[in-house]
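Chemist: Quick one: this structure, given as structure tokens, is what I'll be asking you about.
The values are calculated or read from the model by the stated rules, or taken from the named source; none is laboratory data. Predicted, not measured: the structure shown is a model, and the values here were computed from it. Glycine gets a Cβ as well: all are built from the backbone with ideal geometry, and neighbour counts include every protein chain shown.
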Amino acid sequence: MQKVQSETNREILNTPHETGARLTRALLALGIAAGPLYLAVGLAQALTRPGFDITRHSLSLLSNGALGWIHMTNLVVTGLLVLAGARGMQKALAIGPGKTWGPVLVAIYGLGLIGSGFFIADPALGFPPGTAVDANTVSWHGLMHFACGGIGFLALIAACFLFARRFALAQQRGWAMFSRITGVVFLAAFLGIASGSGNSWTILGFWVGVILAWAWFSMLLARLMGKLV
């Protein structure tokens, strides 16, 4: 009798709504993992690859050399996790500004990461070892790497401002400010790195922008997950 009752309770709890909520939480959790994975793998390579200078070289250059496949795989896997997070966001968001376009912009960012992983950035600034310091050749795959990354970055920046509007209308000023600051800093960081100057300030500034953007993204998904509990 107890066994029958237990099975009945399990069937009651396992409603379509609860099953959907579990799936949404799982998708959001995958999205939250994207930033830590990207940064952990990227930093590990940046600090251990011979000839790589974290103050002079962008992470994109890590796709070159015998170990370039690690960074390329990192980009693709991270992009897939972002796509999962975008789907979870789509399911978790309530009606309002950003309900439709927020997840779409985040998905474009994920696709941009995946695209960047399939196209190798051109060697530059002496990396990998043996590359001329003043190397400036632009190949088709280097151009595609930059285009995919650029489109993805701009999509994420647009998502920051879109959610800033959503939070502002909801009178959630802290989140609105956090979203605006993230969008502005990441945009400035992207413009700095896109200028191709290669000086330490633009490289370090881009690191700041990337870390802040990943923090914002992970915290946003964690916030949405909290509403499902």
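Conditions tested, residue by residue: (1) out of contact with any Leu (no Cβ under 7 Å at 6 or more places or on another chain); (2) at pLDDT 95 or above; (3) part of a helix (DSSP H, G or I).
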site: Gly183; (1), (2), (3): yes, yes, yes
site: Ile193; (1), (2), (3): yes, no, yes
site: Gly198; (1), (2), (3): no, no, no
site: Gly205; (1), (2), (3): yes, no, yes
site: Ala213; (1), (2), (3): no, yes, yes
site: Met219; (1), (2), (3): yes, yes, yes
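Chemist: OK, next. Just one of (1) part of a loop (DSSP other than H, G, I, E, B); (2) surrounded by fewer than 17 Cβ atoms within 10 Å (Cβ to Cβ); (3) on the phi < 0 side of the Ramachandran plot trips up Thr73, so point out which.
Modeler: Of the numbered conditions (1) part of a loop (DSSP other than H, G, I, E, B); (2) surrounded by fewer than 17 Cβ atoms within 10 Å (Cβ to Cβ); (3) on the phi < 0 side of the Ramachandran plot, the odd one out for Thr73 is (1).
Chemist: Would you check which residues across the stretch 94-138 are small (Gly, Ala, Ser), modelled with pLDDT under 90 and more than 18 Å from Ile203 (Cβ to Cβ) and list them?
Modeler: Residues satisfying the conditions are Ala94, Gly96, Gly98, Gly130, Ala132.
Chemist: Run Ala44 past the list (1) of a type outside the set (S, T, N, Q); (2) crowded, with 17+ Cβ neighbours inside 10 Å; (3) under 26 Å from Leu221 (Cβ atoms) and report the number of the one that doesn't hold.
Modeler: (2)
Chemist: Can you tell me how many residues in the stretch 30-63 are outside any loop (DSSP other than H, G, I, E, B) and under 20 Å from the mean Cα position of the chain (by Cα)?
Modeler: Summing the residues that are outside any loop (DSSP other than H, G, I, E, B) and under 20 Å from the mean Cα position of the chain (by Cα) in the stretch 30-63 gives 22.
Chemist: Out of (1) within 20 Å of the chain's Cα centre (by Cα); (2) without any contact (Cβ under 8 Å) to a residue 24 or more places away in the chain, what's the single condition that is false for Asn136?
Modeler: Condition (1) is where Asn136 drops out.
Chemist: Please find, among Phe119, Phe127, the residue that is of a type outside the set (D, E, K, R), more than 28 Å from Gly98 (Cα to Cα) and in contact with a Cys (Cβ under 7 Å, 6 or more places away or on another chain).
Modeler: Just one listed residue meets the conditions, Phe119.
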